[in-house]
There are 2 protein chains.
Amino acid sequence: MSRTDTTRRGSRQGRAGIRDVAAAAGVSITTVSDALNGKGRLPDATRRHVREVAERLGYRPSAAARTLRTGKSGLIGLTVTTYGDEPFTFTEFAYFAEMARAATSAALARGYALVILPATSRHDVWSNVALDGTVVVDPSDHDPVVTELVRQGLPVVSDGRPAGTLPVTAWVDNDHEAAVLDLLDHLAAAGARRIGLLTGTTTDTYTRLSTTAYLRWCERVGQDPVYESYPAHDPCAGAVAADRLLARPDRPDAVYGLFDPNGTDLLAAARRYGLRVPEDLLLVCCSESTVYATTEPPITTLSLKPRRIGTAVVQLLIDAIEGIDTGRPVEQVIPTELIVRTSSQRRPPRTTVSAPRSPARD
Amino acid sequence: MSRTDTTRRGSRQGRAGIRDVAAAAGVSITTVSDALNGKGRLPDATRRHVREVAERLGYRPSAAARTLRTGKSGLIGLTVTTYGDEPFTFTEFAYFAEMARAATSAALARGYALVILPATSRHDVWSNVALDGTVVVDPSDHDPVVTELVRQGLPVVSDGRPAGTLPVTAWVDNDHEAAVLDLLDHLAAAGARRIGLLTGTTTDTYTRLSTTAYLRWCERVGQDPVYESYPAHDPCAGAVAADRLLARPDRPDAVYGLFDPNGTDLLAAARRYGLRVPEDLLLVCCSESTVYATTEPPITTLSLKPRRIGTAVVQLLIDAIEGIDTGRPVEQVIPTELIVRTSSQRRPPRTTVSAPRSPARD
DNA sequence: CCTCCCAGGAGTCACGTTTCTGCATGATCA
DNA sequence: TGATCATGCAGAAACGTGACTCCTGGGAGG
């Protein structure tokens, strides 16, 4: 009777609370909670009645209270190692955008949302948000953020295999070595005698594995390595390095560029030196950008399949959050795809392997 | 004395709570809270002691409990209208990526984090996260999500001026009409006699305003409009529309493309028809992509300055969250920038107006 | 010597849920 | 007919904070 007047504050002040719904429906708080969450044992009539009243009052459960009570927030952190003060790195823009998009989709489909967080260990932001787990893109060697998160008992899944002893719950990556070896074989089969590499000075796993594979391949076929390195986060340095590579006395007749903008940079450099692509110079770069389908000539690209990676990372993370923890790290390798276009074929292609965005020429 | 044994659960089970810190420091919960938040009146000695103990125990305050108590979560929603089942639209990829990056930076600098949320009114995800406010990119006419958020009393700031009576707290946009008029004048000054438009079939504000400005300009200078429309979310349709535009009997000698991929599509179409750029065809497109600096020839682009927009949107939103609510909508117009390159100059440029791909921008 | 005041800190409630426990009420069964 | 049991629901204890109220000395002023 007189106890229902404990509903003093919530009713008029802000949004309707569970108490208001209970009072309006003439039932207890327990019944409302059970009815809305499909939990307890209630007849369908009561369930419907409560739901209707809740709808009428515009009731939305408080996410904060639910999180506090259940310990689950439905939030997943997404963090990327950065080279400056910006939250994402610039070089892998298309890759990251695609990967983040797929990750967001996959998370939403399972009822989770993604929170973009900085890779810096500024605790004030990280500890202000209740996370169920975190996706880390390209974690550095002994990432303090990852260590701290694992110490708190949160699952962490990385895009890119962790270097050193980084204790991630699971990771997803491409087989970068196989991709590079395959790609170099493709160039050699197209007639390349000396293949050059445009690579980065950073020590991340992608750059390291790819460069190592290149060197191994050179050793195997008995070619002297011809490569230029530059800091991958500086787009101007990339254009300069592309120019340097083609200005060398031992100029390569084919080049693979590890980073997204390398294709246009190499194409511009080739024009400056009067080199025709693909007649004088074969070109491949690693990119997710669709512009390479319509450049003159279209450029063969290696796709790392960021959408599949983003999806896989989130699936593994949510599995770890909800399911049983196997204890040992789970590893998943996503195949790459070589999208062959004109720039890596000595003769005009007879069978088009690429998916062209334009009506067929000739 | 014997009441301190109420610290029964928290101490061993999970992370350290505020009670554990209080017990370890030999003070009360109040003192710990005050010491860590710099609130009450405590001597520095006590404050330091408590902080040290908290540090030693690895204490991190529970974000959920704090949110529940204070009503502020430090989370900002970021949502984009979508044309498919993906969370972001595809056509404005570079724009959105840049804008989101700037928004994330600005939010982090003020202690907030961004949560990526779908534009669909799937309430289960939206109501599962406690938001302090939301950024909406390109809200549709009577966006149900915006309406619902405003009904809940949350501030909403939109990128793109709201159509109809959408009750946003504030908005940020470019002056699209002025940008298009200016750009058309630029093309006319370069010698264009008949300027064509590549536009979209969607009804969003950007497309509508830009197209209207084009039609107005045509009327003013007495030119018959020459344009093709296509669904902007379909990249293949864009290539086809570009081809159609150049195949017309009243073929334009200059084209402005409203969307990011239009530049490469138009360039490819021009090559198919044997048109030289800029001699036979002047080209401008709206894009944030840096590839247009190195295409053959480089293409003039209209930049909407997404970084400035992203920053402005977040600043306005956080101001609304923290500060006083003025009640009336705040509007902010960001100027656009025409990056003039070879494709829109009849004669080789003597003075380079374009900004090359240097990292420092804005 | 008494009073007042203030620094310093302890107790306690409330935020809005979820969930465990438990109490009625009828129906079933030996 | 009384014991057992499933059903339908109410009470109340947390979850971990923040903030308000109140208590207790000790020094200063009268």
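The values are calculated or read from the model by the stated rules, or taken from the named source; none is laboratory data. If you're wondering where the values come from, they're calculated on a predicted model, not measured in any experiment. No Cβ is skipped: glycine too gets one built from the backbone with ideal geometry, and neighbour counts run over all protein chains shown. Heads up: the accessible areas ignore ligands, DNA and RNA and are worked out on the full protein's heavy atoms, side chains in. Shrake-Rupley method; radii C 1.70, N 1.55, O 1.52, S 1.80 Å.
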Quiz item: By the gyration tensor of its Cα atoms, with a ≥ b ≥ c the square roots of the eigenvalues, what is the shape of segment B:171-307: rounded for a/c under 1.5, prolate for a/b over b/c, or oblate?
Solution: rounded
Self-check item: Separation of alpha-carbon centers, segment B:240-310 and segment B:150-169, rounded to whole Å
Solution: 34
Exercise. For every helix of n ≥ 4 consecutive DSSP H residues, a contribution of -39,500 (n - 2.57) applies; sum these over the protein assembly as shown, divide by its total residues, and give [θ] at 222 nm rounded to the nearest 500 deg cm²/dmol.
Key: -12000 deg cm²/dmol
Self-check item: Prolate/oblate/rounded label for chain A (Cα gyration tensor, a/c 1.5)
Solution: prolate
Quiz item: In terms of the Cα gyration tensor, with a ≥ b ≥ c the square roots of its eigenvalues, is segment A:246-287 rounded because a/c is under 1.5, prolate because a/b exceeds b/c, or oblate?
Solution: prolate
Exercise. Within segment A:143-178, which residues have the backbone N less than 13 Å from the label spot 7 Å out from A:VAL330 along Cα→beta-carbon, could you tell me?
Key: A:155-158, A:169-172
Quiz item: Can you give the % of DSSP beta bridges in chain B that are antiparallel, to the nearest 5?
Solution: 5
Quiz item: On average, how many beta carbons from a partner chain sit within 10 Å of the beta carbon of a residue in B:58-66?
Solution: 6
Quiz item: Per residue, what accessible area does chain B have, given a 1.4 Å probe and all protein chains present, in Å²?
Solution: 45
Exercise. Above 18 angstrom, tally the Cα pairs of segment B:223-276 and express them as a % of all pairs, no decimals.
Key: 23
Practice problem: Return the FRET efficiency for the residue pair B:ALA188, A:ARG346: r is the Cβ-Cβ distance, R0 is 45 Å, and the value is rounded to the nearest 0.05. | Solution: 0.50
Quiz prompt | Mean Cα-pair separation over length for chain B, i.e. relative contact order, pairs under 8 Å, 6 or more apart, % | solution = 16
Quiz item: For peptide A:94-105, how many partner chain Cβ atoms fall within 10 Å of a residue's Cβ, on average?
Solution: 4
Quiz prompt | Length added when fully stretched, B:ALA178-B:LEU36, from 0.36 nm per residue minus Cα-Cα | solution = 45.9 nm
Practice problem: Considering the options B:VAL313, A:ALA239, B:THR205, tell which one lies farthest towards the positive end of the dipole of the protein assembly as shown, charges being +1 on Lys and Arg and -1 on Asp and Glu at the Cβ, about the Cα centre. | Solution: B:VAL313
Practice problem: Please give every one of the lysines within straight-line cross-link reach of A:LYS72, meaning a C-alpha to C-alpha distance under 27 Å, and leave out same-chain neighbours fewer than 8 residues apart. | Solution: A:LYS39, B:LYS72
Exercise. Quote to one decimal, in nm, the extra length available between B:ARG47 and B:ARG60 on full extension: 0.36 nm per residue of separation minus the C-alpha distance between them.
Key: 3.0 nm
Quiz item: On average, how many beta carbons from a partner chain sit within 10 Å of the beta carbon of a residue in B:289-296?
Solution: 6
Exercise. Taking a label point 7 Å out from Cα toward Cβ, give me the nm distances from A:ASP224 to the same spot in the other copies, shortest first, one decimal.
Key: 6.4
Quiz item: If r is the Cβ-Cβ distance from A:LYS72 to A:THR201 and R0 is 51 Å, what FRET efficiency results, to the nearest 0.05?
Solution: 0.75
Exercise. Go through B:297-308, A:186-197, B:143-154 and give me the packing order, highest mean Cβ count within 10 Å leading.
Key: B:297-308, A:186-197, B:143-154
Practice problem: Treat each spin label as a single point 7 Å out from the Cα along the C-beta direction, and report the B:ARG151 to A:ASP250 distance in nm. | Solution: 7.1
Quiz item: Put the label 7 Å from Cα along Cα→Cβ for A:LEU181; what are its distances to the other copies, in nanometres, shortest first?
Solution: 6.4
Quiz item: Which value, in Å² rounded to 10, gives the accessible area of B:CYS236 with a 1.4 Å probe and all protein chains present?
Solution: 70
Quiz item: Distances from A:ARG15 to the same residue in each other copy, label points 7 Å out along Cα→Cβ, in nm, shortest first?
Solution: 2.3
Exercise. Could you state how much accessible area B:TRP217 has, in square angstrom rounded to the nearest 10, with a 1.4 Å probe and all protein chains kept in place?
Key: 10
Exercise. Just the number, please: buried accessible area between A and B, total of both chains, 1.4 angstrom probe, nearest 100 square angstrom.
Key: 5200
Quiz item: In what sequence, largest accessible area first, do A:VAL27, B:VAL180 appear using a 1.4 Å probe?
Solution: A:VAL27, B:VAL180
Exercise. Whenever you get a sec, compute what percent of the accessible area on segment B:95-187 sits on carbon and sulfur atoms (1.4 Å probe).
Key: 53
Quiz prompt | Kirkwood Rh and Cα Rg combined as Rg over Rh, evaluated for the protein assembly as shown | solution = 1.01
